[in-house]
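Worksheet: one structure, shown below.
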Amino acid sequence: MFFDSQTGWATGGHLSSQIVFTDDGGGNWVTQYTGGFFEGLYDVYFIDALHGWVVGDNKILTTNDGGTTWVEDYFYVSGNAVLSSIFMLSYELGWIAGSEDGWLTGIILNKNVSGTVGFQEYRINPDKMP
């Protein structure tokens, strides 16, 4: 995910669990975060050069300093979550898509700062989908 023509972040893979950063258009990459074994990270999104999120296996990471530090953001789902995609309109408003319990149940997490903390879960019932 490139914020501009020079500044970008990438993550991915089930075993790699790294977040890497470039400030020269991809010529060189620096590791900003390394997670544990089997801690998959799948998508990254930045709203500006400082504020970004990464989603993965039971994890939402957030940064307020361009990735120098990454901390876990609060969310709750009732089972094992594979969070695979994120889109944020602002620091306060965004969505995460994924699945729960072995891909059997789709979930959407929504962040809206109208009195709530973190991301809230919305379940997608596969029996009700067209």
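Any read-out appearing in this document is the output of simple, stated calculations on the displayed coordinates, not a laboratory observation. All values derive from a computational prediction rather than experimental measurement. Ideal geometry is used to build each Cβ from the backbone, glycine not excepted, and the neighbour counts take in all protein chains shown.
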Subject >> Ordering of 46-56, 88-98, 21-31, 64-74 by packing [mean C-beta count within 10 Å, highest first] >> reply: 46-56, 88-98, 64-74, 21-31
Subject >> Where a label projected 7 Å from the Cα of residue 2 along Cα→Cβ would reach, residues of the stretch 42-86 with amide N under 13 Å >> reply: none
Subject >> Summed residue charge, Cβ within 13 Å of residue 42's Cβ, Lys/Arg positive, Asp/Glu negative >> reply: -2
**OP:** Give a residue-ordered list of calculated ³J(HN,Hα) values for the stretch 85-98 (Karplus: 6.51 cos²θ - 1.76 cosθ + 1.60, θ = phi - 60°; whole Hz; x for Gly, Pro).
**Re:** 8, 9, 9, 10, 7, 7, 5, 9, 9, x, 9, 10, 10, x
